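Novice: Submitted below is the structure of interest, expressed as structure tokens.
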Amino acid sequence: MEETERIKFDVIGLCETKRRKPLSCTWKNGAGVFLGSRRENSTSGGIGFIVAPRLVQKIRQVSFPSHRIGVLDLQLDRKTKVSVIQIYAPTADKDEADHTDFYDEVRETAAKCRSYYKIISGDFNACVGPKRPYEAFIGPHSLEERNEAGERLASFCETSHFYHGNSRFQKAENRRWTYVSPNGVHKHELDHILCNRKVFTDVAVVPSFQTGSDHRLLRAKFHFNNIKAMLDRMARRRPPPTILDADAAERLAELHDFEELDSIDEDYHKLVAAITSIKDGCRKKKPNHITSRITEETRQLLEKRRNLKRTTHSHLEMTLLNRVCRERVAKDHEAFTRKRLMEAAESRTSIKLTARSIAEYRQVIPCLKDSEGRKVTSRLGMEAAIKEYYERLFHSPMTTAPSRLLTQRLGDTLPFTPSEVRHAVELMPSGKCSGEDKLVAEDVRACGHPLYVALAKRFTRYVEESRVPAAWKTSNTVLLHKKGDKEDLGNYRPISLLPVLYKVFTRCLLARIRRTLEEAQPVEQAGFRRSFSTIDHIATCTRIIEACREHQMPLVMTFIDYCKAFDSVEHHTVWESLLEQGVERKYVDVLKDCYSNCTTKFRPFNRPIVVPIKKGVRQGDPISPNLFSAVLESVIRKCDWDDFGVNVNGRMLNHLRFADDIVLLTHTPQEAERMVHQLDEVGKKVGLQLNAKKTKVMRNRFADPSAVRLSQTTLEDTDEYVYLGRLINMTNDLKPEIIRRKRAAWAAYNTIKPAVSEIKNQKLRAELFNSTVIPALCYGSETWTLTKAMEAQLKTTQASIERHMVGYTLRRQRCEGLHNSDIRSLSKVTDALEYANHSKHRWAGHVMRRNDGRWSKAVIEWYPRQKKRPLGRPPTRWSDSLSIRYNIVDDRMRCLVHWSTRAQTRHDWKGCYDPQQSNR
């Protein structure tokens, strides 16, 4: 890719890429890279394209019919369509049938292309020779005589009416040969470029393009609209990088008059223009950052290879130079990555964001499935599939929303204050993408107090008039792949890129109504709530499983999955839910206007796709999680579940929810089926649709094995389920989860490995390890009940990662007679078992001091008195290690003070912690 920046090109065709998996991505310089896969069970084959940045937006389709053929379709302008067919022909030692099949496939592929211009290029492994008297499509110039493969190619040109480009131009021998033999003696013209129209202006090799291959780059020039291409290049020139000078922006903002206009829309556009002018007028040169990945020494080697002429005497030197260049380029790339990540670690910035910023390419969607399940590879086809899918998703069957006036609008609006705006802006994260206004949080923050005053006045006006600027109703949407099949649009999450001033406004609104919404939420909902976390629900589930197993009570857990929950709720149900839960009508009215007549733009391949939004809350909007939680609470309230669930000290625990992740808890599958049916019926009224394929049922061995059905569909049973990031099962077996934690720890270490290998500061390296690897290894440790074997696995995993970090192998450690404690003295990192032990101790005290009625505390204090425990020692409980360590007992081992009582006092509980004691 570095070599391509030295030459002028539009499209480069690649042969013999030998990639195991296909790749579609956009390179760091904007070029499109599309690589097909090699032949199965072989290391040969593979076709690819490199498309210049200015032509990426003109791509219609990229497809790879086989490991020998690739097709790139371009729409250069309204009338000009071009198809580039890149091929790799069989070598001379292949059977005649292979050659025949290959040319038949090329002929069939060319016939399917509907472009006016069709170009076929690649390694034909053929010497065509000069034209013969009866030939009309072969030119008079050639390097050598025609061979058998050349006869096949010439026959293809004549029968398919493709002009042979190489032979149409007279060139010196050193500008014609494209391949040199391994010994450097024999040179042949094996690569060819064909076209179905006489549009060639030149065909010649580019000797200066050197990548170490035994083939030279063959370049063809065609006559297209050069004036338009020149104008496109001028329009795409990038200015030198700059950054915002925050101090200068604030000084300039103080001189600005943010006067209001009568029209809300005109006033908003004037305000955005003012902020933009301040932002543009306060730029300063970006600090010098080394962006070149290749050192000067390597560049000199590449230049030497570029200038070295291929002769029989220089062949050995060229071979050695190619090898050295490949090794040096690879090392330079690795060194550049390590250095940038090390700088990020030293400056305490995000390793993940830095790695993303220095990535050489970003992947694009290679193909999608349409509504009928057919694969679509053309960009126009994929855009049509996206438009159809999201128009169907965001379409509301409600023609007119029912009007239910539940509350009266009371009093005047309490004006927003600059401090409210400032607080909202300060909470906004930096480094995020901009919306249609091209502004980011840093721009608003830099303008400071003068802008906060202007925004406070306008926000008050918006609430009073229940109107917002029309520009806030348009957003850009990007598709982020979650997991699963990349060809399925259902596996992508649409994230809305909204105007930054809109997000400031909704943050201010949320600050005013958050307490009202929080008070309406029960303890069953832990998502997007302060002082709640995933650990609350994980601990509740594992404790319920533990008690039911010990007392041999039946337990059925149904894990609910919704289809696109956030994008499916009807708007009128959102406003009704807010009013029912006590939100003032003036805030509901302005939110209603924010969501009315909205549209969004998808831009997967540079062309915008406009989709109207009739339902759903916008993911990317700060207030959208709270709006969804309000709707879900309204749904649950309408479900008659009072008699269902597990009786926990007189309270019925029938469900838990974390945002849209719901788990139903019952004793029988019949109860679970009725609850699922009610949830589905009520959910459909607000737009929520249960996903029967992903909704799972898990039951213990004491439960009725009857199936749980949703309509005519039987919900799938499972022995284990990943709930909120923790793998749970009905025996509370922690071994599978420990295996997952070990893999997660290694994955987390791999993200920081380039940085820690360069960092010499032990303290900084340990901090990076402790903040990245340890949390991944010990996630959910607050709910663990460890055995000696599990502790040994955690110790072994951490020791292995530590050895890798300090540059030791197990063999070297043993040869030098070092213990793991010696490696620990070099790494200075936190012990994972101690971290897990302390997390469990801290969380246990935190829960026992809570008086908000949350289930995580209730199930800890729960003893199922209605069911007698069978004889024999029960499986180890979660609280056993806490009882052994913290219960105060007398000489006869009778408990005088229980650990849960000691945990009520923060000072006493903190003081009794001993890191040397086991977590078991």
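We did not get these values from a lab; they are worked out from the coordinates using the rules stated. None of these values were measured; they are calculated from a predicted model. Neighbour counts run over all protein chains shown; Cβ positions are idealised from the backbone, glycine included.
Novice: Return the subset of 279/564; 483/503; 286/615; 21/760 for which the Cα-Cα distance in this structure is over 31 Å, preserving the input order.
Specialist: 279/564; 286/615; 21/760
Novice: What's the FRET efficiency of residue 356 with residue 306 using the Cβ-Cβ distance as r and R₀ = 45 Å, to the nearest 0.05? Let's see the in-between values first.
Specialist: On the way: r = 32 Å, r/R0 = 0.72.
The calculated FRET efficiency here is 0.90.
Novice: Continuing with this model, one more query. Rounded to two decimals, what is the ratio between the C-alpha radius of gyration of the chain and 2.2 N^0.38 Å?
Specialist: Computed over Cα atoms of the chain, the ratio equals 1.14.
Novice: For 27, 855, what ranking results if the residue with the fewest other Cβ atoms within 10 Å of its Cβ goes first?
Specialist: 27, 855
Novice: Counting other C-beta atoms within 10 Å, which of 856, 378 has the fewest, and how do the rest follow?
Specialist: Least to most surrounded, the residues fall as 378, 856.
Novice: Taking the stretch 660-766, which trypsin sites (Lys or Arg not before Pro) meet the DSSP loop condition and have no more than 14 other C-beta atoms within 10 Å?
Specialist: Filter output for the stretch 660-766: 693, 694, 701, 760.
Novice: Relative to the longest principal axis of the C-alpha atoms of the chain, give the angle of the C-alpha long axis of helix 624-637, reported between 0 and 90° and rounded to the nearest 10°.
Specialist: 50 degrees
Novice: Can I ask one more? Based on other C-beta atoms within 10 Å, arrange 676, 376 from fewest to most.
Specialist: Values: 676 24, 376 18.
Going from least to most buried by this count: 376, 676.
Novice: Rounded, prolate or oblate for the stretch 3-232? Axes are the square roots of the Cα gyration tensor eigenvalues, ordered a ≥ b ≥ c, and the cut-off for rounded is a/c under 1.5. Walk me through the numbers on the way to the answer.
Specialist: Numbers: a/c = 1.32, a/b = 1.19, b/c = 1.11.
It comes out rounded by the Cα gyration axes.
Novice: Considering the options 776, 480, 569, tell which one lies farthest towards the positive end of the dipole of the chain, charges being +1 on Lys and Arg and -1 on Asp and Glu at the Cβ, about the Cα centre.
Specialist: 776
Novice: Where nothing but the Cβ of Lys and Arg (+1) and of Asp and Glu (-1) is charged, how large is the charge dipole of the stretch 3-232 around its Cα centre, in debye to the nearest 20?
Specialist: Values: 36 positive and 28 negative charges, 246 e Å.
Dipole of the stretch 3-232, to the nearest 20 debye: 1180 debye.
Novice: Let me ask another. Where the only charges are on Cβ atoms (+1 Lys, Arg; -1 Asp, Glu), what is the dipole of the chain about its Cα centre, to the nearest 20 debye? Working shown, then result.
Specialist: Working: 155 positive and 116 negative charges, 338 e Å.
The dipole magnitude comes to about 1620 debye.
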